[in-house]
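Each remark here refers to the structure printed beneath this line.
The values are calculated or read from the model by the stated rules, or taken from the named source; none is laboratory data. Predicted, not measured: the structure shown is a model, and the values here were computed from it. All Cβ positions, even for glycine, are placed from backbone atoms using ideal geometry, and neighbour counts span all protein chains on display.
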């Protein structure tokens, strides 16, 4: 662990907390938005603990997770669309709480929190399996193909985890309008996967054969 990595990780974490908090609570017009606090808790507490663990045990893996600089133009577009999606979803969740627009029952928020934590568990398994897991689409020098565990079932288990995480967020927030916005995420992530596979076939040895071995990209028996 280095001081630079510590500062970088803590800065990104607290900027994320502030940004999400503002996007949720400002439109809500109040801090008395219990479902907003529930999302903040299940999102950021495990993230903070996992970040501390990686900082001590595996700083290189944490460094990969912090690097969000995409080189592929398609991926830059995907990031932009994802950002706009989150912006709209969080703002609508706050507004729907403020004005009572199309609210889910409270038990849906509890179900959403459970699904979200299950997504985090799935994400942790993927992170453990693949030492080269990064936020950006790239192939590092010496990188080896991973085809065991979850990677033996679907080719992109990390994105499957994010699908569960992101689609459960509007459930936690209790907003049908927010959920409708987040339903564009599968289409966004499908575009990312298509471009990523082009890069992997070009740069990662054995990936073409792996695609033939593991048929499903994201969801078994579906796609």
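Looking at residue 155 and the list (1) crowded, with 21+ Cβ neighbours inside 10 Å; (2) closer than 24 Å to residue 212 by Cβ; (3) under 16 Å from the mean Cα position of the chain (by Cα), which single condition is not satisfied? In the conditions (1) crowded, with 21+ Cβ neighbours inside 10 Å; (2) closer than 24 Å to residue 212 by Cβ; (3) under 16 Å from the mean Cα position of the chain (by Cα), residue 155 misses (3) alone. With respect to the stated conditions, residue 118 fails to be out of contact with any strand residue (DSSP E or B) (no Cβ under 7 Å at 6 or more places or on another chain), exposed (fewer than 15 other Cβ atoms within 10 Å of the Cβ), touching a residue at least 24 places away in the same chain (Cβ under 8 Å) and closer than 18 Å to residue 22 by Cα.
Here region 159-214 is the region considered, the condition is being outside any helix (DSSP H, G or I) and in contact with a strand residue (DSSP E or B) (Cβ under 8 Å, 6 or more places away or on another chain), and the residue that is farthest from residue 34 (Cα to Cα) is 175.
Conditions tested, residue by residue: (1) within 14 Å of residue 90 (Cβ to Cβ); (2) in contact (Cβ under 8 Å) with a residue 40 or more places away in the chain; (3) surrounded by 22 or more Cβ atoms within 10 Å (Cβ to Cβ).
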residue: 170; (1), (2), (3): yes, yes, yes
residue: 173; (1), (2), (3): yes, yes, yes
residue: 177; (1), (2), (3): yes, yes, no
residue: 181; (1), (2), (3): yes, yes, no
residue: 186; (1), (2), (3): no, no, no
residue: 190; (1), (2), (3): no, no, no
residue: 201; (1), (2), (3): no, no, no
residue: 204; (1), (2), (3): no, yes, no
residue: 207; (1), (2), (3): no, yes, no
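Within region 24-56, the only residue that satisfies the criterion of being buried (at least 16 other Cβ atoms within 10 Å of the Cβ) and outside any helix (DSSP H, G or I) is 33.
Anything in region 1-23 that is in a helix (DSSP H, G or I), more than 18 Å from the chain's Cα centre (by Cα) and in contact (Cβ under 8 Å) with a residue 12 or more places away in the chain? List them, or say none. 5, 6, 8, listed by residue number. Across region 85-109, the number of residues qualifying as within 21 Å of the chain's Cα centre (by Cα) and either modelled with pLDDT under 95 or surrounded by 14 or more Cβ atoms within 10 Å (Cβ to Cβ) (or both) comes to 11.
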